[in-house]
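Novice: One structure coming up, written as structure tokens, with questions to follow.
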Amino acid sequence: MTNSIQLSPFISGAGDAAAYIGWSPVRLIVTGRNEAGRPNVVRLRSQSLTRAGVQIEFKNAATGIPADEILLDLGEEGSAACFISGKFQADKPLNGASADGKDVAIHAAWADNPSVDAGAMGFMVRVRRDAESLNAKARNDFTSALAELNGYGRGIYVTDFVGMHVAGASESQHGDAHFLPWHRLYLLDLERQLQRINPAVTLPYWRFDVPAPSLFSEDFLGATESIPPDSAFTPGTSDKRARLSSSNDLSSWKIGNVNGIPRAAFFDTKTQAAPGLPAAPGRRAFQLRNEADTLALGGENNEFGALRQGFSGMEGTPHGAAHVSFNGYVNFVPVAPQDPLFFLLHCNVDRLWAMWQFLFDRDVAAERTTYPYQNKLEIGFNSPPSQVGVEVAFQRSGGISESVQVPTLFTGVFPDESRLVDALQWPWDDTWSKPYNLRPPGTRSRGFTESATGKPITERMPSITDALDAFGYHDVTNYLGFAYDDVPFDHERSVG
Amino acid sequence: MKVSEYRQNMRDKVAKAAREIDADTQSALDTAGDRAEVGNLIAIINDNGASALKKGAAIDALNTISNFSPLLRARMPEIVNALRGHMDSGEQDLRERALGTLTAMKDEVAQERLVAEIVADKPEAEKLLPTAKSIAMLGRDEKSLPLAVLRQVISNPPDDACLIEALRHLPSEPEAFGALRAVMENDDAPLEARAMIPEMACEMDAPAFVSAARDLLKSKGAEHELAPFLAKGVAGANSAEAAEEVRAAKAEISALAEAAPEAFKSAAAALLANEDPPSDP
């Protein structure tokens, strides 16, 4: 057909492989030439391919409110760009996101002949979904891709993704404000690997504050036995294992030489939410914060905060509390990713952050309310001396020994710059981890996974900044290529 | 509903949130950021006058905050020393907590003690920890579990739990194939143990495994509880030496699948889907 219309999402020449979008606007390049003498104007509209009613919206510029269809003048060049996004529909299943693959198409017709398609492309409104809402195909796609990355204990899941979340790198990832952005990047790196195997896959999230019977079943992440709430807490181990059906690809899960997933729950996974670590004789409870309480952590001014104050306080609970709701790998940071449940738990942690950002407009990288460490001074003065200081001992009168922590700024030692807003992050930055000076494991050094459907990371070394405007409010090209089913994009406040 | 309305609804819910957290949880959060409080927990573990219950609770508290406290690393030598002091505690719960935490930290002293206990010639009840627990704890650091120790447990397991744990941690060394085959063929061994073996055995010696799997399928049929796992194991056999055996096994599995239970059919379908497409005549 000589007057056909071509559609290229994200970049010119991109094909079907890039036809995966979320709620954020992404560029769609439209090329074609109408018959001689006819206006070179294209009409774009979307059509749901299933009864789920998934829709795509259109707008001329990155800003502004989208519409259900658009007229686009390709001009003499025969090419123009518009912006498309998945339409958030709170009354539809998954809020209007796709269930398990491409289920919505963009149809392109010449405006003077709107009843005849001159081009079309199938799309998936691909977002991270609640694990409980996944249908069987989506669930199997996920477990199958995960098992392939696991490579029977020798794959990149083990060499790289287990290998980077270890004791020797704990301070590069935990204990302060960098915890959330670092883990956002970590999840995305893994998700992009999964999408290389199957582009319809996203990380599901485990809503740990409500029951998740489907997730904890033999066909998904494994039926998980309950243990009495007053059982001993055993870090990184359990004498019970998640039970997986023989048809579940995760049934051959292995880390190095070790088979299976040790995991037992301090709660009934079929009927209860994760409680945190329950009280026991002599032991105090460590309870899990629910979603609303977590989103309220920023206080009156909705501050991100540092050192587990403000919203960053969610590192303690619900994050830490969700981990210790179990015995097994998942309750102990240096080995937690050996249980794939880790990534679904952290996906929910990241979703809560995304929701908080959405509710309170916390995505301007240069604002302290979005991320606290804007310069070295702020790290030096705001962090506890034990993290960035040196201990100086002295004797008080009467021979009493005491010591004080002196901030490193006053002792000539640099503060931990890896927490700065623009700092490149280990291990992708090809440096050494903190505190134990590990080299990047596997292929992660300068190796953040590339994607056709999200921001290309400069030199494949992401920084904290990359994680802050993940949904592209301030520049559409910042969109990292992921979204959550219940965190829409607010087009009314998109500014670039 | 417009996105702005959706957002306002969410914000309204957040505005009503309780914000306060229970006192015990708040106390743990405070401890995570307080050097003196961390020091107090260590002092309790070291305190000869404190009860085992109190010491165990202090260990649990340290383990809980270890997932987010930046203060523990600097105190790690003190924590390790305090825990080592309870490796031989007469209180089993305290001993288990101490050894469990130390081995999670890959502490070599605790690792060596547990390996010695596994191979010690004494009844299970007299060991520091049940052998299955010792293996599970040591398994967090593969290097700490010698192959010879695992093979010893597999050939003479004190109980089913030990057999399962030893198999879980067994490296894919060809010399262990014989022991694995013996367990795989033993219907008295727990299914959880036998189900692990096909894929492990296939990694060790694919031709020998496929041959053994064919024998088992012939003698026990597709209804046998291990049959789906055998089919899955055959699916993983992709070495050139096993090619002939695999072709024969696939034909047999395909024939068995017709009237087989669903689990076997599903495993067979996955196996047959991996087959090379037939070449054009």
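All of the numbers you see were taken from the coordinates with simple rules; none came from a lab. Being a predicted model, the structure only gives us computed values, none of them experimental. Reconstructed Cβ throughout: ideal geometry from the backbone, glycine too, with neighbour counts over all protein chains shown.
Novice: Between A:SER226 and A:LEU71, 0.36 nm times their residue separation minus their Cα-Cα distance comes to what?
Specialist: Values: separation 155, 0.36 × 155 = 55.80 nm, distance 5.78 nm.
Answer, rounded to one decimal: 50.0 nm.
Novice: P(r) for the range A:1-160: what percent of alpha-carbon pairs falls in each 5 Å bin, starting at zero?
Specialist: Values per bin, smallest distances first: 2, 9, 16, 19, 16, 13, 9, 7, 5, 3, 1, 0, 0.
Novice: Please arrange B:SER144, A:SER85 by how many other C-beta atoms lie within 10 Å of their C-beta, fewest to most.
Specialist: Ascending Cβ contact count within 10 Å gives the list B:SER144, A:SER85.
Novice: Rounded to whole Å and sorted largest first, list the principal axis extents of the Cα atoms in the protein assembly as shown.
Specialist: Here the spans come out as 96, 85, 44 Å, largest first.
Novice: Here is a follow-up. Can you work out the FRET efficiency for the pair B:GLU223 and B:VAL119, with r the C-beta to C-beta distance and R0 = 56 Å, to the nearest 0.05?
Specialist: Numbers: r = 40 Å, r/R0 = 0.71.
Efficiency, rounded to the nearest 0.05: 0.90.
Novice: Against the longest principal axis of chain A, how steep is helix A:341-360, in degrees 0 to 90 to the nearest 10, with axes from Cα atoms?
Specialist: Around 70 degrees separate the two axes.
Novice: Cα-based Rg of the range A:68-209 per 2.2 N^0.38 Å, rounded to two decimals? Don't skip to the end; give the middle numbers.
Specialist: Values: Rg = 20.2 Å, N = 142, 2.2 N^0.38 = 14.5 Å.
Here the Cα radius of gyration is 1.40 times the empirical estimate.
Novice: Hey, can you grab everything whose amide H is under 5 Å from the amide H of A:SER24? Only 5+ residues off in sequence or another chain; H modelled, so Pro and N-termini drop out.
Specialist: It is A:GLY86, by chain and number.
Novice: Looking at the range A:241-298 from every direction and averaging, what is the projected area of its Cα convex hull in nm²?
Specialist: Working: hull surface 28.8 nm².
One quarter of the hull surface, i.e. the mean projection, equals 7.2 nm².
Novice: What are the extents of the Cα atoms of the range B:18-158 along their three principal axes, listed from largest to smallest and rounded to whole Å?
Specialist: Result for the range B:18-158: principal-axis Cα extents of 56, 31, 31 Å.
Novice: So what's the angle, to the nearest 10 degrees on a 0 to 90 scale, between helix A:179-197 and the longest Cα principal axis of chain A?
Specialist: Rounded to the nearest ten degrees, it is 50.
Novice: Which pairs break 27 Å Cα to Cα here: A:LYS102/B:LYS265; A:LYS254/A:LYS455; A:LYS270/A:LYS434; B:LYS106/B:LYS133; A:LYS270/B:LYS218?
Specialist: A:LYS102/B:LYS265; A:LYS254/A:LYS455; A:LYS270/A:LYS434; A:LYS270/B:LYS218
Novice: To the nearest 0.05, what FRET efficiency results for B:GLU112 and B:ALA243 with a Förster distance of 41 Å applied to their C-beta separation? Write out the running numbers ahead of the final one.
Specialist: Numbers: r = 45 Å, r/R0 = 1.09.
Here the calculated transfer efficiency is 0.35.
Novice: By how many degrees, 0 to 90 and rounded to 10, does the Cα axis of helix A:136-150 deviate from the longest principal axis of chain A?
Specialist: So the inclination is approximately 60 degrees.
Novice: To continue, here is another question. Based solely on its DSSP helices, what 222 nm [θ] is calculated for chain B when runs of n ≥ 4 H residues each add -39,500 (n - 2.57) and the sum is averaged over all residues, nearest 500 deg cm²/dmol?
Specialist: -20000 deg cm²/dmol
Novice: Further question on the same structure: Label point 7 Å out from B:LYS2 along Cα-to-Cβ: which residues of the range A:468-496 have amide N under 18 Å?
Specialist: Answer for this model: A:488-495.
Novice: Shifting gears a bit: Once every DSSP H run of n ≥ 4 in chain A is given -39500 (n - 2.57) and the sum is divided by its residues, what mean residue ellipticity at 222 nm do you get, rounded to the nearest 500 deg cm²/dmol?
Specialist: It comes out at -4500 deg cm²/dmol, rounded to the nearest 500.
Novice: What is the spin-label model distance, in nm, from A:ARG196 to B:ALA74 if the labels are put 7 Å beyond Cα along the C-beta direction?
Specialist: 4.1 nm
Novice: How far apart, in nm, are two points set 7 Å out from the Cα along the Cα-to-Cβ line at A:SER245 and at A:ARG51?
Specialist: 2.4 nm
Novice: A further question on this structure: Take A:ASP91, A:ASP469, B:ASP187 and order them by how many other Cβ atoms sit within 10 Å, fewest up front.
Specialist: In increasing order of surrounding Cβ atoms, one gets A:ASP91, B:ASP187, A:ASP469.
Novice: Just to verify a number: FRET efficiency for A:ALA36 and A:ASP475, C-beta to C-beta distance, R0 = 41 Å, to 0.05?
Specialist: 0.60
Novice: Taking amide H atoms as placed 1.01 Å from N in the peptide plane, list the residues 5 or more away in sequence, or in a different chain, whose amide H sits under 5 Å from that of A:GLN287.
Specialist: Under 5 Å from the amide H of A:GLN287: B:THR25.
Novice: Debye calculation, C-alpha points only, no solvent: report log10 I(q)/I(0) for the range B:134-281 at q = 0.19 Å⁻¹, in the same order as the q values.
Specialist: Rounded to two decimals, the profile gives -1.08.
Novice: Residues with amide H under 5 Å of A:VAL42's amide H, sequence separation 5 or more or different chain, H placed in the peptide plane at 1.01 Å from N; which?
Specialist: Amide H to amide H, under 5 Å and 5 or more residues apart or across chains, A:VAL42 pairs with A:LEU72, A:ASP73, A:LEU74, A:ALA111.
Novice: Using a 10 Å Cβ count of at most 12 others and DSSP loop calls, identify the longest part of chain A lacking such GluC sites (Glu not before Pro).
Specialist: Here the longest run is A:78-299.
Novice: Looking at the range A:12-120, which trypsin sites (Lys or Arg not before Pro) are in a loop (DSSP not H, G, I, E or B) and have at most 12 other Cβ atoms within 10 Å? Can you show the working numbers first?
Specialist: Numbers: sites: A:ARG27, A:ARG33, A:ARG43, A:ARG45, A:ARG51, A:LYS59, A:LYS87, A:LYS102; in loops: A:ARG33, A:ARG51, A:LYS87, A:LYS102.
Answer in residue order: A:ARG51.
Novice: Separate question: Taking the Cα atoms of the range A:35-96, what is the range of coordinates along each of the three principal axes, in descending order and whole Å?
Specialist: 44, 26, 12
Novice: Can you give the Rg/Rh ratio of the range A:183-267, where Rg is from the C-alpha atoms and Rh is the Kirkwood radius?
Specialist: Checking Rg against Rh, the ratio lands at 0.99.
Novice: With the convex hull built on the Cα atoms of the range A:97-169, state its orientation-averaged projected area in nm².
Specialist: One quarter of the hull surface, i.e. the mean projection, equals 8.3 nm².
Novice: DSSP loop (so not H, G, I, E, B), at most 15 other Cβ within 10 Å: list which GluC sites (Glu not before Pro) in the range B:206-262 pass both filters.
Specialist: Details: sites: B:GLU223, B:GLU225, B:GLU241, B:GLU244, B:GLU245, B:GLU252, B:GLU258, B:GLU262; in loops: B:GLU223, B:GLU225, B:GLU258.
Answer by residue number: B:GLU223, B:GLU225, B:GLU258.
Novice: How do B:ASP141, B:ASP188 rank when sorted from fewest to most other Cβ atoms within 10 Å of their own Cβ? Before the final figure, lay out the partial values.
Specialist: Numbers: B:ASP141 17, B:ASP188 7.
Ascending number of Cβ neighbours within 10 Å: B:ASP188, B:ASP141.
Novice: Going 7 Å from the Cα of A:THR63 in the Cα-to-Cβ direction, what parts of the range A:451-483 have a backbone nitrogen less than 12 Å from that spot?
Specialist: Label zone hits: A:474-475.
Novice: Charges at C-beta only: +1 for Lys and Arg, -1 for Asp and Glu. How large is the resulting dipole of chain A about its Cα centre, in Debye rounded to 20? Please report the intermediate quantities before stating the final value.
Specialist: Working: 43 positive and 57 negative charges, 194 e Å.
Result for chain A is approximately 920 debye, rounded to the nearest 20.
Novice: Please state the charge dipole magnitude for the range B:73-203, taken about the Cα centre, from unit charges on C-beta atoms (+1 on K and R, -1 on D and E), reported in debye and rounded to the nearest 20.
Specialist: Approximately 560 debye in magnitude.
Novice: Let me ask something additional. Output wanted: per-residue J couplings in Hz (rounded whole) for the range A:301-311, from phi through Karplus 6.51 cos²θ - 1.76 cosθ + 1.60, θ = phi - 60°, x for Gly and Pro.
Specialist: 9, 6, 8, 5, x, 9, 6, 6, 9, x, 5
Novice: Tally Lys and Arg at +1 and Asp and Glu at -1 over the other residues with C-beta under 13 Å from the C-beta of A:ALA200: what net charge comes out?
Specialist: Once all neighbours under 13 Å are counted, the net charge is +2.
Novice: Give me the inter-chain shielding for A:15-26: mean count of other chain Cβ atoms within 10 Å, whole number please.
Specialist: Shielding by partners across A:15-26 averages 0.
Novice: Still on this model: Using the Karplus equation 6.51 cos²θ - 1.76 cosθ + 1.60 (θ = phi - 60°), what ³J(HN,Hα) coupling, rounded to whole Hz, does each residue of the range A:159-175 give in order, writing x for Gly and Pro?
Specialist: Each residue of the range A:159-175 in turn: 5, 9, 7, 6, x, 9, 9, 10, 4, x, 10, 4, 7, 6, 10, 10, x Hz.
Novice: Give me the inter-chain shielding for B:137-145: mean count of other chain Cβ atoms within 10 Å, whole number please.
Specialist: The shielding value for this peptide is 4.
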